[in-house]
Protein chains: 2
Amino acid sequence: MKKAKAYQLEPEGLGETISPARVVEADLQAAEAKLSRLLDSNEPIIAEICHYLVDAGGKRLRPTFILLVYRACGGVDAKVEDAIDASIALELIHSATLLHDDIIDAGMLRRGKPSAFARYGAGGTLIAGDYLFCRAFELCGRFEEHLVRTAAQACIQLTEGEVMEGRFRHSAAANFNDYITVITRKTASLFSAGGRVASDLAGAPKKTIESMWNLGNAVGRAFQMVDDILDILGPEEKIGKPVGSDLRAGIPSLPVVLGMTRNPELRQLFENDGRMDGAKFDRALELLRAPDLIAEARAMAAEQVKIARGLLAELRPSEYRDSLTVLIEDQIDREV
Amino acid sequence: MKKAKAYQLEPEGLGETISPARVVEADLQAAEAKLSRLLDSNEPIIAEICHYLVDAGGKRLRPTFILLVYRACGGVDAKVEDAIDASIALELIHSATLLHDDIIDAGMLRRGKPSAFARYGAGGTLIAGDYLFCRAFELCGRFEEHLVRTAAQACIQLTEGEVMEGRFRHSAAANFNDYITVITRKTASLFSAGGRVASDLAGAPKKTIESMWNLGNAVGRAFQMVDDILDILGPEEKIGKPVGSDLRAGIPSLPVVLGMTRNPELRQLFENDGRMDGAKFDRALELLRAPDLIAEARAMAAEQVKIARGLLAELRPSEYRDSLTVLIEDQIDREV
């Protein structure tokens, strides 16, 4: 969840570049304003760290997804405040995990500039992340028990996904099923929770709520898969951090997991090195850029997009549903 | 919240050593069992880190306080599950902050043994803390909005208190008011939230809920003040970490804040050193152990206990109220 073009609110009439966020623009702006206010802690340095991250051009992909699902499921203006709060809560949680991730990985770049960790150090960044978690749950207080639980359980999955990923760092043991489990927990959990909460708030029937949960899973997985491909392909200016950052950190990304099954050399390079040095890193990157490998990885992301499209077909036609389709297709088209 | 004798469930008839936890023993045991279950993550290392901290002889002071307030305010068996969950939630939050604190302070000892940070490193410890936060809020989902908000706001205060304390590290600028603000946020917030939630769940009238909030503030402040005195007096075996740990870390504790107003030498020692070396540290400790200074600090803790006693007098007499009195008096008597 680190790259991709921004879903900015662009002027109309630009043909292909129309943003899927356009049809929920007013809701998103309300969310953005409230999100910004929630960052303003009594302690200026907490507010500064939070604003530093959150104002740095995040894509607001989760809020956009949640608000589109809410509307696509028939959510009405009278209750949109709830959907807006849910969208903010999940963006706050996402932001908290970004702050904490950079501490854990000693990540020095985020969204094309020094990470909060690089700029403010571990202590302040850690507390700012905790602060964002607390703000998210403060916001969730208004929801019914099962919705609060859904949000909390997404967070729990998220932490477990990170630890599971850690177990497989620099390890050839990670297979494709492990990979899917990791990204479902680590990346898709906030989307699936968002899909469920948004459709529930919209008053959708149980079956639709289940479908929107699955939609979130498919979208989140597709997003992570494309992210993984971009880590290998770059270029740096587009992904906001050095090419191969995940590879260097030993993260078993999609190309790595697929590549290791077919290429013993790659397996050895990935497995044997706590830190890949120049020549080995370059060689691993070369192997991972094999066209058939990239094509296979893309096909897997496309498969998730296909699942998502099928789930969307269950909804009544609307401009919101169309925008969800655009948002999802954009994932797969993104710089790949 | 790091020291003090354990509120273990001791056999009856030991005269002075009767534990204030005795009268809520069954509730506490239920809380303990459920707390332990909640630590069992799908990822074994998360569970291991959480158990490592939580099973290491914590005092369960917050759960004891919450359950006693619930009962002292007339809380009945039929709804005690709610009070138990609240007590677990606040203990989970407390535990999460202990894990994160040790990362921030690079604290190597906790409760007399290597800290989770020392044993498992920053990454795992950080995620385990996040996991505990999420579990706490999952548990809070069953409560009404204003109670969830109370818990979340206590957490927010906690993070802000830590940052504020950080601002005053190695700084002679911290005055007594600053000190009170820091400890009210950092330590008392979970007690005051606990007092409010417990009395609210017990169905107490608004005025009593307000008093129990204030009671939590007084108890939390007294506790932190005594903790601060013990950091200076030790001995290490009793406090579970080296004497003067807070002093060395530049934390403006109660003796430091009081001492700096009267002793320019202490002010200089405290202010000028990023890290106090052997001779300077010894001299600062000597100055901070001046009997009149310790007596003044004790008097301030005693003042908080007096406030707490006054608030308890508003409640109907009961064995629970008596136990709260014992719990509070124990704070001030604790090894000082």
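Nothing in this text is a laboratory measurement; each read-out follows from the coordinates by a stated rule. Model, not experiment: these values are computed from the prediction. Positions of Cβ are backbone-derived with ideal geometry, glycine not excepted, and every protein chain shown enters the neighbour counts.
For this structure, a couple of remarks:
- Ranked packing of B:252-262, B:36-46, A:20-30, most packed first, by mean Cβ within 10 Å: B:252-262, A:20-30, B:36-46
- Nearest-first distances (nm) between copies at A:Glu265, label 7 Å from Cα via Cβ: 7.2
- Label-to-label distances for A:Pro205 across copies, nearest first, come out at 5.2 nm, using points 7 Å from Cα in the beta-carbon direction.
- Helix A:116-140 axis, angle to chain A major axis (alpha carbon atoms, nearest 10°): 40 degrees
- Restricting the trypsin sites (Lys or Arg not before Pro) of the stretch A:156-210 to loop positions (DSSP other than H, G, I, E, B) with no more than 15 neighbouring Cβ atoms within 10 Å leaves A:Arg169.
- Selected from B:Asp246, B:Asp292, B:Asp101 as most flexible by GNM, with chain B as the system and alpha-carbon contacts under 10 Å: B:Asp292
- Remark: mean inter-chain Cβ contacts per residue of B:41-50 equal 4, using a 10 Å Cβ-Cβ cutoff to other protein chain atoms.
- Across the stretch A:64-75, coupling constants 3J(HN,Hα) worked out from phi with the 6.51/-1.76/1.60 Karplus curve, θ = phi - 60°, read 4, 4, 5, 5, 5, 4, 4, 6, 5, 8, x, x Hz, and Gly and Pro carry x.
- Whole-Å semi-axes of the stretch A:22-333's equivalent ellipsoid (Cα gyration tensor): 32, 24, 16
- Per the rotation superposing chains B and A, the chain B residue found at the smallest beta carbon distance from the axis is B:Phe137, 2, distance in Å.
- Exposure proxy shown here: for A:Phe281, B:Phe176, A:Phe137, the number of other Cβ atoms within 10 Å sets the order, fewest to most, as B:Phe176, A:Phe281, A:Phe137.
- Approximate spin-label separation A:Arg37-B:Glu237, in nm, with each point projected 7 Å along Cα-to-Cβ: 5.8 nm
- Label-point distances for A:Ser318 to the equivalent site in the other copies, using a point 7 angstrom along Cα→C-beta, read 5.0 nm when ranked shortest first.
- Test item: B:115-123 mean partner chain Cβ contacts at 10 Å: 2
- For chain B, Cys with no neighbouring Cys Cβ under 4.7 Å: B:Cys50, B:Cys73, B:Cys140
- Proxy reagent accessibility, fewest Cβ within 10 Å first, across B:Val76, B:Val326, A:Val163: B:Val76, B:Val326, A:Val163
- Take each residue in B:136-149, count the other chain C-beta atoms within 10 Å of its C-beta, and the mean is 6.
- Listed values for the stretch B:95-108 are Karplus-derived 3J(HN,Hα) couplings in whole Hz (6.51 cos²θ - 1.76 cosθ + 1.60, θ = phi - 60°), namely 5, 4, 5, 5, 4, 5, 4, 5, 5, 4, 8, 6, x, 9, and x replaces Gly and Pro.
- The sum of -39500 (n - 2.57) across all DSSP H runs of n ≥ 4, divided by the residue count of chain B, sets its helix-only mean residue ellipticity at 222 nm to -22500 deg cm²/dmol.
- Neighbour-count order for A:His100, A:His170, B:His146, fewest beta carbons within 10 angstrom listed first: B:His146, A:His170, A:His100
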